[in-house]
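For reference, the structure is listed below as structure tokens.
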Amino acid sequence: MLDMKYIRENLEEAERRLGTRGGAACLDGFRALDDRRRSLLRESESLKAVKNAVSEEIGKVKDKSLVQDKIVEMREVSGRIKVLDDELKLVDDELQNFLLTVPNLPDPSTPLGLSENDNVEIRAWGTPGTFNFPAKPHWEIGEELGILDFECGAKLAGARFTLYRGAGARLERALINFMLDLHTGSHGYEEVLPPFMVNRESMTATGQLPKFEDYLFKMVDPEYFLIPTAEVPVTNIHRNEILKKSDLPICYAAYTPCFRREAGSYGKDTRGLIRQHQFNKVELVKFAHPAESAAELEKLTADAEKILQLLELPYRVMALCSGDIGFSAAKTYDIEVWLPGQSCFREISSCSTFGDFQARRGGIRFREDEKSKPEFVHTINGSGLAVGRTLVAVLENYQQDDGSVIIPAVLRPYMGGVERIS
RNA sequence: GGAGAGAUGGCCGAGUAGGUCGAAGGCGCUCGCCUGCUAAGCGAGUAUACUGGGAAACCGGUAUCGAGGGUUCGAAUCCCUCUCUCUCCGCCA
């Protein structure tokens, strides 16, 4: 959520910055609602001041018959207040609902552009390997090895679900453990294991709701939402808290499955593991001092990259342009891994800083000094990494001409010493 | 699922025959004083949000005692609904 005072005082600048996301940035109506709200508030509150003062006088008088006229008068004032407050509530709700659907302002360092074609490559690591045979896509490798069963996934649940078997299931688990061990052991993150379902408040704080309910899986009674990313529960750990400045940055790493409706992506990536309704991810989440958030985003991105480096998987880092960043993000780096079976780079991590956008929605604050006003922290998060897609990258980059797949050296301890799946 | 108990400020904990309670007291914390160190002691201060005024320091108003409604001139205190926590029983990975 954007700061109301900022919008009030910088309406045109806010519209211009939002406009860089593409589409019409429309803050029309904000000013009218805001003015209406404040005028109602002023009127209601001044009446309450009168009511409070008179009620206090009435309280001091023993014989209420002496103040009967005041009681009657206040009865009318109370009625008037009720009317004003009812309308205020309507205006307030409308204003809140409006603000909750306004996306974050792109950070000044976010490149301008309209689509993914305008994203900017920041750096690349590793060299795509060459194969003396036609490189296969992972779904062929996985099916031939009997470790990925797409048919059975469809039987059990439907399209975009997969059954992992044997070494495939173990490789997924190995990747999860490898990632968590690295981030907690070497990068300073605390491991957390959150609920995989959350309530509406949590989804609203991180920005999935109210605007993107269609993208989520939802339980109706009682109402719960399956998390689309661990970002949601982990960011909400500190919802409505005032953190100690000395504790910042707070860094969490969490493994969770993620559940996404993938509404609007019909026909896209229908083969293989790339786009599933359920997938595993290790997520990194930070709560940082505003002055440190830019640097923390760089560090977090580097932490995610380290996984690919140790797995020796080639990748590139892209700065998403203003038209391609997510609703809540101010700045995003995508890490894209090389997939030889499909001859393309595919997103395997998305690392973003949200500025105070999520913190304001969630009431996550800190104090600069003991006596100063609480300020909003900045939240930062990124995949470290998407596990299913990492498995895809391992299968495709480490495939051999005999159909087997070499296990990267760093994963072998997690695979019971297995060096090759064949 | 059944039966009970509870939810107050950073923490602990008073306050329910409605009335000056944003809320006693204690702890913690901050700033001063004092003690040549440490401990103790003394004094003052110590919530948040919105809103009005002001360049600012700051001053005023309103709201908040789990959440939301209601009764009342007036509610932490009464009524209703919901959420969460705890205890016991049942069931269960």
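Taking the listed residues A:E144, A:E121, A:E94, A:E116, the one that is acidic (D, E) and either touching a Phe, Trp or Tyr at 6+ places or on another chain (Cβ under 9 Å) or farther than 30 Å from A:F327 by Cβ (or both) is A:E144, with no other qualifying. Within the range A:187-208, restricting attention to residues that are free of Cβ contacts under 8 Å to residues at least 60 places away in the same chain and outside any helix (DSSP H, G or I), which residue is surrounded by the most Cβ atoms within 10 Å (Cβ to Cβ)? Applying the filter and picking the extreme gives A:Q208.
Counting the residues of the range A:20-79 that are more than 11 Å from RNA strand B (Cβ to nearest atom), loosely packed, with under 14 Cβ neighbours inside 10 Å and either within 30 Å of A:P108 (Cα to Cα) or in contact (Cβ under 8 Å) with a residue 12 or more places away in the chain (or both) gives 7.
The single residue among A:S44, A:S109 that is polar (S, T, N, Q), modelled with pLDDT of 90 or more and under 30 Å from A:G23 (Cβ atoms) turns out to be A:S109. Number of residues in the range A:237-251 that are in a helix (DSSP H, G or I) and within 16 Å of A:P194 (Cα to Cα) equals 2. A residue that is surrounded by 13 or more Cβ atoms within 10 Å (Cβ to Cβ), within 11 Å of RNA strand B (Cβ to nearest atom) and either at pLDDT 95 or above or farther than 30 Å from A:G19 by Cβ (or both) occurs somewhere in the range A:87-104. For beta carbons closer than 8 Å, sequence separation of 6+ or different chains, a first residue in the range A:153-169 that is free of Cβ contacts under 8 Å to residues at least 40 places away in the same chain and surrounded by fewer than 17 Cβ atoms within 10 Å (Cβ to Cβ) and a second that is of a type in the set (A, V, I, L, M, F, W, C) and in a loop (DSSP other than H, G, I, E, B), the qualifying pairs are A:A154/A:F161; A:R165/A:I147; A:G166/A:I147; A:A169/A:I147.
Being in a helix (DSSP H, G or I), within 15 Å of the chain's Cα centre (by Cα) and either at pLDDT 95 or above or surrounded by fewer than 22 Cβ atoms within 10 Å (Cβ to Cβ) (or both) is a description that applies to A:L297.
With respect to A:G264, is the statement that it is modelled with pLDDT under 95, buried (at least 16 other Cβ atoms within 10 Å of the Cβ), assigned to a loop (DSSP other than H, G, I, E, B) and not hydroxyl-bearing (S, T, Y) true? The answer is no for A:G264.
Provide a single number: the residues in the range A:172-186 that are surrounded by fewer than 18 Cβ atoms within 10 Å (Cβ to Cβ) and over 21 Å from the mean Cα position of the chain (by Cα). Summing the residues that are surrounded by fewer than 18 Cβ atoms within 10 Å (Cβ to Cβ) and over 21 Å from the mean Cα position of the chain (by Cα) in the range A:172-186 gives 5.
The values are calculated or read from the model by the stated rules, or taken from the named source; none is laboratory data. Every value quoted in this text rests on a predicted model; they were computed, and no experiment measured them. Cβ sites come from the backbone with ideal geometry, for glycine too, and all protein chains shown count toward neighbours.
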